[in-house]
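The values are calculated or read from the model by the stated rules, or taken from the named source; none is laboratory data. The structure presented is a predicted model; accordingly, all values stated were derived computationally and were not measured. Reconstructed Cβ throughout: ideal geometry from the backbone, glycine too, with neighbour counts over all protein chains shown.
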Amino acid sequence: MEEYRHMYKRSIEEPTKFWSEIADQFYWKQRWKEGSVLKYNFDVNKGGIFVEWFKGAVTNICYNCLDRHVRDGKGDVIAFYWEGNDPADNSQYTYQQLLNEVCKFSNCLKNLGVKKGDRIGIYLPMIVELVVAMLACARVGAIHSIVFAGFSANSLAVRIIDSKCTLIITADGVYRGNKFIKLEEIADDALLLCETKGFLPKSCILFRNMKKKINEEDPSSEFKPKTAVSQTVSWLEWTELMSTSADSCEPEWVDAETELYMLYTSGSTGKPKGVIHTHGGYMLYISTAFRYVFDYHAPEVFFCTADIGWVTGHSSVTYGPLASGATSVIFEGIPTYPDAGRFWQMIDTYKVSKFYTAPTVIRMLMKFGDELVKSYSRESLKILGTAGEPINPQTWIWYYNIVGDRRCSIVDTWWQTETVRA
């Protein structure tokens, strides 16, 4: 705690020195100039409100998430263990493999005319291709706008129109438990809604996710998008594009204040609002928060259960862990399929050290009893995390006593699309 208090005091009293030392751990094509670490104005009487971190310095967050680690000899380190909705469906990706895939998809984007500043809509389930797509956007300097794959066609259309996306990336479908979600049909309906509002992206890339069949209610292989009738949206196949794409791609080197992604507020207080985060400041903050909040040390395995469609998923599934060279778990399914022991089984299988979920999920799993949790080994666990809402005492005590065996610290974090804090 003494070290924490010292670091916190320095970050408040000497923010320029504190964050410069953090920044030195990352790769910069061009370093910042003295006096440009932090500039801001919160006083409307003195002009426009703004915050700038390391403006003028040149970097790329994708390079710092992938190339930097491969360059340092960590290409064989596992970046992700991926677990599908079906427990038998799983795979793993090293940093080198992930870099190759991201470079290939970056070239696909460039071949389609995507350039720096373009906005790309992503409507994908929790598959590694979602990470590939968002990192490829960052690599070429495009701005990704990810929409949670459980949202309706109308919600997707509102975000496409507002962000003026030139390209949409989606999948044919996904199973969440026994429920099949026809993502391609939802995306196509969204494009029809966009058409009625006078705005349409140029293209839509479709990833065929449905390789395994679970029941008879499966997607048709003969899907024909309605928007194809108007010949205004080109539907392209992910696999075909990738098959002829090279696995090397020079990053687009951008100013630290260049826009990285847009993420929309939930809309619970009115029309959803798009919030922008940038390459430099976000990269430094989110990687630092990840390492210190969860006390991450390689080769530990980190498991955040949040969907990447939310800010916690952006920060604690993709950018925070990858910028720190961590090994993480990505989970496609739901915590109660095929039974309510799914999370505990995954902790046991992948020897998870740091587990991060929401109080709502914990309360739900409490109902299935203590013995189900205890039937799986959780000896690898060191730290438990919660996010999404304040955790109530009864839930905290169960989480501490049962899941953590009364030996794991619990960190309670809070995030908002508008603030990104821990």
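Things worth noting here:
- Any chance V174 is under 17 Å from L260 (Cβ atoms) and of a type in the set (V, I, T): no
Conditions tested, residue by residue: (1) farther than 18 Å from V411 by Cα; (2) modelled with pLDDT under 95; (3) among the basic types (K, R); (4) in contact with a Ser or Thr (Cβ under 6 Å, 6 or more places away or on another chain).
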| site | (1), (2), (3), (4) |
| --- | --- |
| C304 | no, no, no, yes |
| W310 | yes, yes, no, no |
| V317 | no, no, no, no |
| A323 | yes, no, no, yes |
| A326 | yes, no, no, no |
| I330 | yes, no, no, no |
| T336 | yes, no, no, no |
| F343 | yes, no, no, no |
| M346 | yes, no, no, no |
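- Taken as a whole, the structure places E418 among residues that are in contact (Cβ under 8 Å) with a residue 40 or more places away in the chain, over 19 Å from V293 (Cα atoms), among the acidic types (D, E) and not assigned by TED's automatic domain parsing to the domain that holds M126.
- Flag if N107 is surrounded by 14 or more Cβ atoms within 10 Å (Cβ to Cβ), part of a helix (DSSP H, G or I), more than 19 Å from the chain's Cα centre (by Cα) and in contact (Cβ under 8 Å) with a residue 40 or more places away in the chain: yes
- Answer residue from the range 144-163, given it is surrounded by fewer than 22 Cβ atoms within 10 Å (Cβ to Cβ) and touching an Asp or Glu at 6+ places or on another chain (Cβ under 9 Å) and is modelled with the lowest pLDDT among those: G150
- Residue in the range 204-216 that is outside any loop (DSSP other than H, G, I, E, B) and at pLDDT below 90 present: no
- Test: residue in the range 364-374 that is outside any helix (DSSP H, G or I) and under 21 Å from V329 (Cα atoms): no
- Restricting the first member to the range 18-42 and to residues that are closer than 19 Å to Y4 by Cα, and the second to residues that are surrounded by 15 or more Cβ atoms within 10 Å (Cβ to Cβ) and of a type in the set (S, T, Y), the beta-carbon pairs closer than 8 Å and six or more apart or on different chains are I22/T288.
- Condition met for N90 (in contact with an Asp or Glu (Cβ under 7 Å, 6 or more places away or on another chain), of a type outside the set (F, W, Y) and not assigned by TED's automatic domain parsing to the domain that holds P125): yes
- Strands (runs of 3 or more DSSP E) (entirely within the range 251-361) containing at least 2 residues that are crowded, with 20+ Cβ neighbours inside 10 Å and among the aliphatic types (A, V, I, L, M): 259-264, 327-331
- Per the listing T278, T288, T305, T312, the residue uniquely polar (S, T, N, Q), in contact (Cβ under 8 Å) with a residue 24 or more places away in the chain and within 17 Å of E83 (Cα to Cα) is T305.
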